[in-house]
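The values are calculated or read from the model by the stated rules, or taken from the named source; none is laboratory data. In this text the structure is predicted, and so the values were computed from the model without any measurement. Positions of Cβ are generated from backbone atoms using ideal geometry, with glycine treated the same way; all protein chains shown enter the neighbour counts. Protein only, heavy atoms only, side chains kept; ligands, DNA and RNA dropped before computing areas. Shrake-Rupley method; radii C 1.70, N 1.55, O 1.52, S 1.80 Å.
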Amino acid sequence: LLYSCASYHTRIQQFHAYMDQGDYESAIKSLDKNRFMKKPRNEFLYLAEKGRAAHLAGMYEESNRLLNEADQIAEDPYKSIGEKLKGTVLNPMKQTYTGEPFERFMLHYYKALNYFYLGNIEEAVVEARRITLATYDQQDITKDKDNRYSKDAFSHILQGLIYEKSGDINNAFIAYRNAAETYLNAPGKKWYGVPIPEQLQMDLLRTAGMLGFTNELQHFERLFNASYEPPAYAQNGGELILFVETGRAPVKEEESLGFALVKGEGGAFFFTDPSGNYHIPFNASQYGNSGSIGDLRTFRIALPYYRTVSGPGLPGTILVNGSQVQLELVENLNEIALKTMQERRLKDITNALTRLAVKKLAEAGARGATKAIVKNNSKEEDEEKKEKKAENAADAAGLILQAFSLATERADTRNWQSLPAYIYYTRIPLNAGENIIEIKPSHGYGTSQVIKVHSNGNMIFRNIVF
């Protein structure tokens with residue numbers, strides 16, 4: 001029981017230790033030895049965690065093999081009756097994990113980078129198209145509400161960069177426009193803690209100008225309070241699209257909340273919490289004999305919550321051939337994780353209460369059934385002793401189901417935890433030949449990183465962990 005109560009984060013601590021050390025091959029081996037990760041219901045996480053580790057180790061073909069398999073699981077919602085039954089009778093930790101919505105978008109990010117590093121532009125373009133399909137799926141779930149995670153702004157930016165790399169400027173413009181509108185329509189014009197990047201603004205204006213979309217260009221110039229001037233000459237050295245990943249994504253932990261089941265007007269039942277923030281109706285009749293509902297009083301449910309493990313980790317200085325450039329925040333997975341969980345909080349609470357109420361009703365039903373069976377089959381002639389014997393048997397049956405309920409009431413603490421907490425990016429003009437990019441830490445803490453980029457006159461992509 002103690003081991004079964006361990007969170008997902010606890011069970012893969014060795015993997016995280018190797019990842020933090022940059023020992024990606026040992027991290028991969030630790031996953032292969034982890035029996036919990038090899039369970040079929042955890043296959044998405046096994047593939048995703050291992051896929052990112054392989055990516056960082058430079059094993060791009062292997063990384064894409066793993067991430068493509070994870071993507072197939074994410075596309076299959078596992079809505080079978082059996083999967084739903086596991087979540088209702090046992091707990092959601094027993095269901096097949098198919099990834100958080102933002103985790104699916106991150107699959108496309110790493111897969112696209114893998115294809116770029118392998119020189120396979122065509123497959124990267126396929127990945128860009130699949131971002132659109134993932135967006136449609138998410139919009140169907142959230143009804144495309146602007147106050148919900150119905151799309152991913154960073155994925156639209158990535159999509160635009162992929163199309164631009166392939167020479168498809170029209171689709172690049174559409175993707176940049178979708179990204180900009182995502183920011184502009186978000187509350188406070190910040191998309192999950194991220195203001196619209198200046199680089200995105202310039203890319204949108206530039207592609208509109210390249211296509212001769214005068215009305216669109218003027219429209220966004222007014223919105224951005226900016227004026228676009230086409231470059232006087234081409235950049236012979238090409239450009240570097242640099243992504244800098246910092247920190248580690250938040251981890252899911254378990255918390256308990258108390259609720260009471262009360263009877264309202266007309267005999268209807270509903271759950272309420274001590275603060276009075278929730279009033280959730282409960283229809284006991286659909287779970288069998290509703291007469292036992294009066295025996296139910298208070299409930300304590302297990303719910304997941306996100307705990308951040310990394311704060312903002314913006315590198316201090318980026319130098320390109322000795323000249324300083326500016327990074328911009330483009331993805332805040334800390335904010336996305338916390339806010340998306342808040343968005344579905346009511347649904348999670350409702351599911352947990354339903355799960356526990358079903359267990360309680362089953363317990364009450366088992367007590368009644370056991371008592372009747374023992375009483376009817378008892379050879380005891382003394383009615384008082386017969387009744388006592390039946391009561392004891394009913395209590396035993398109730399205790400067994402109580403123990404089962406206690407042992408199985410768990411929150412789902414699984415999530416793709418090796419993801420970065422933040423992603424920054426910049427677009428850097430390169431000189432022909434070799435270029436030196438140096439990333440220095442803030443306030444002198446930590447170790448600088450130096451990478452060499454040989455320009456071929458085209459767009460080049462790089463991502464680094466800092």
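Test Glu383 against the criterion of being modelled with pLDDT of 75 or more and either surrounded by fewer than 15 Cβ atoms within 10 Å (Cβ to Cβ) or over 38 Å from the mean Cα position of the chain (by Cα) (or both), and give yes or no. Judged against the criteria, Glu383 is not a match. Restricting the search to the stretch 323-354, which residues are touching a residue at least 40 places away in the same chain (Cβ under 8 Å), farther than 16 Å from Val244 by Cβ and open to solvent by 50 Å² or more (accessible area, probe 1.4 Å)? Across the stretch 323-354, the qualifying residues are Glu335, Leu338, Lys339, Glu343, Leu346, Asn351.
Just one of the listed residues (Thr214, Thr182, Thr207) is open to solvent by 50 Å² or more (accessible area, probe 1.4 Å) and polar (S, T, N, Q), namely Thr214. In a residue-by-residue description of the stretch 158-177, the property of being out of contact with any Leu (no Cβ under 8 Å at 6 or more places or on another chain), within 22 Å of Ala48 (Cβ to Cβ) and either open to solvent by 10 Å² or more (accessible area, probe 1.4 Å) or modelled with pLDDT under 95 (or both) applies to no position. Pairs linking a residue in the stretch 1-23 that is modelled with pLDDT of 90 or more to a residue that is polar (S, T, N, Q) and part of a helix (DSSP H, G or I), with Cβ atoms under 8 Å and 6 or more positions apart or on different chains, are Ile12/Ser30; Gln14/Ser30; Phe15/Ser30; Tyr18/Ser26; Tyr18/Ser30.
If I filter the stretch 139-148 for residues that are open to solvent by less than 30 Å² (accessible area, probe 1.4 Å) and out of contact with any Phe, Trp or Tyr (no Cβ under 7 Å at 6 or more places or on another chain), do I get at least one hit? No, that holds for no residue. Within the stretch 17-51, the residues that satisfy the criterion of being open to solvent by less than 60 Å² (accessible area, probe 1.4 Å) and in a loop (DSSP other than H, G, I, E, B) are Gly22, Asp23, Asn34, Phe36, Met37.
On inspection, Ala54 fails the criterion of being of a type outside the set (Phe, Trp, Tyr) and surrounded by fewer than 16 Cβ atoms within 10 Å (Cβ to Cβ).
With the structure loaded, tell me whether Glu61 is open to solvent by 40 Å² or more (accessible area, probe 1.4 Å), modelled with pLDDT of 95 or more, touching a helix residue (DSSP H, G or I) at 6+ places or on another chain (Cβ under 8 Å) and part of a helix (DSSP H, G or I) or whether it fails that test. Spelling it out, Glu61 is indeed open to solvent by 40 Å² or more (accessible area, probe 1.4 Å), modelled with pLDDT of 95 or more, touching a helix residue (DSSP H, G or I) at 6+ places or on another chain (Cβ under 8 Å) and part of a helix (DSSP H, G or I). Of the residues examined, Pro304 is not one that is modelled with pLDDT of 70 or more, of a type outside the set (Asp, Glu) and open to solvent by 70 Å² or more (accessible area, probe 1.4 Å).
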